[in-house]
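What follows is a short report on a single structure.
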Amino acid sequence: MGRPKQERAVQTREAILRAAAEVFDEYGYAGASINRILERAGATAGAMYFHFKSKEGLARAVMGAQSQTIVPLLDSQGLQRLVDITMIWSFQLQRDPLLRAGVRLATEQSGLQDATSYVEWAQIMADCLVVASDKGELQAGVDPQETAEFIVEACTGMQIYSSVTTARQDLPERVVRMWHLLLPGIAVPAVVARTEVNPSRVRPPERAAD
């Protein structure tokens with residue numbers, strides 16, 4: 001009996017988190033009411049407060065879930081893995097409310113700002129670059145942590161610009177351009193030549209029409 005109850009609790013938490021992401025994505029932190037989130041989730045206030053202590057706690061959980069929308073989709077290593085992270089991110093921002101909401105909450109002026117999600121992304125990327133360095137993929141003197149932080153900074157500004165100008169429709173192409181500029185400065189020539197910076201490599205399948 002314990003397992004089904006536990007599974008229902010996990011499903012309820014996921015439903016609330018997803019509903020909150022949709023509402024935060026649409027209305028921002030200030031415009032997202034608890035009642036609207038509960039209605040979207042089909043959940044009770046008691047269920048929400050069991051899993052999340054407050055609206056702020058729910059928002060921080062959404063921000064903290066960003067990597068879950070990308071990392072499970074990866075199957076590459078080293079520098080290719082880093083490139084794939086950014087390419088998948090560029091597509092998921094167009095289609096996944098959980099990622100979009102996390103990005104919006106991390107950047108809007110709502111009083112929620114902290115460095116947690118940026119630091120997490122920088123560490124994920126730095127880990128890729130450490131592997132790349134161990135495999136001899138990087139040029140001498142390239143610092144994994146410094147480079148990872150730069151990529152997070154570049155992607156943050158890039159998605160804001162793309163969101164304002166094209167509703168992120170050109171974000172994958174902008175990521176490709178970033179790597180064409182950046183790869184020759186950090187990777188050895190043979191690795192530049194074999195690293196795939198191609199949207200079709202990681203483009204998710206189109207979802208069926210409702």
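Go through 73-81, 17-25 and give me the packing order, highest mean Cβ count within 10 Å leading.
Details: 73-81: 16.9, 17-25: 23.1.
Descending packing order for the listed peptides: 17-25, 73-81.
Distances between placed amide hydrogens fall under 5 Å for A187 paired with Q139, all partners being 5 or more residues away or on another chain. Ranked by solvent-accessible area (1.4 Å probe, protein heavy atoms only, all chains present), the residues Y118, Y29, Y161 order from largest to smallest as Y161, Y118, Y29.
Where in the range 134-210 are there trypsin sites (Lys or Arg not before Pro) that are in a DSSP coil and have at most 15 other Cβ atoms within 10 angstrom of their Cβ?
Values: sites: K135, R168, R174, R177, R194, R201, R207; in loops: K135, R168, R207.
Hits after loop and neighbour filter: K135, R207.
Between Y27 and L182, the FRET efficiency from the beta-carbon distance, with R0 = 30 Å, is close to 0.30. Given +1 at the Cβ of Lys and Arg, -1 at the Cβ of Asp and Glu and no other charges, the dipole of the range 10-155 around its Cα centre is 700 debye to the nearest 20.
How large is the direction-averaged shadow of the alpha-carbon convex hull of the range 38-140, in nm²?
Details: hull surface 32.9 nm².
Dividing the Cα hull surface by four gives the mean projection, 8.2 nm².
Would you mind pulling out the separation of the Cα centroids of the range 8-52 and the range 66-125, in Å? Computed from Cα coordinates, the inter-centre distance equals 21 Å.
Per-residue ellipticity at 222 nm from helix content only, as computed over the chain with -39500 (n - 2.57) for each DSSP H run of at least four residues, stands at -23500 deg cm²/dmol. This model, with +1 at the C-beta of Lys and Arg and -1 at the C-beta of Asp and Glu, gives the range 80-210 a dipole about its Cα centre of some 460 debye.
Express the carbon and sulfur contribution to the solvent-accessible surface of the range 55-210 as a percent, rounded to the nearest whole number, probe 1.4 angstrom. Carbon and sulfur together cover 53 percent of it.
Express the accessible area of the chain per residue in Å², computed with a 1.4 Å probe while the remaining protein chains stay in the model. Show your work: numbers first, answer last.
Details: 11040 Å² over 210 residues.
Computed with neighbouring chains in place, this is 53 Å² per residue.
Helix screen, the chain: no DSSP H segment has Cα axial length of 18 Å or more and mean Kyte-Doolittle hydropathy at least 1.6.
The values are calculated or read from the model by the stated rules, or taken from the named source; none is laboratory data. Everything numeric here is computed off the predicted structure, so don't read it as measured data. Glycine gets a Cβ as well: all are built from the backbone with ideal geometry, and neighbour counts include every protein chain shown. Just so you know, the surface numbers come from the protein's heavy atoms only, side chains and all, with ligands and any DNA or RNA stripped out. Shrake-Rupley method; radii C 1.70, N 1.55, O 1.52, S 1.80 Å.
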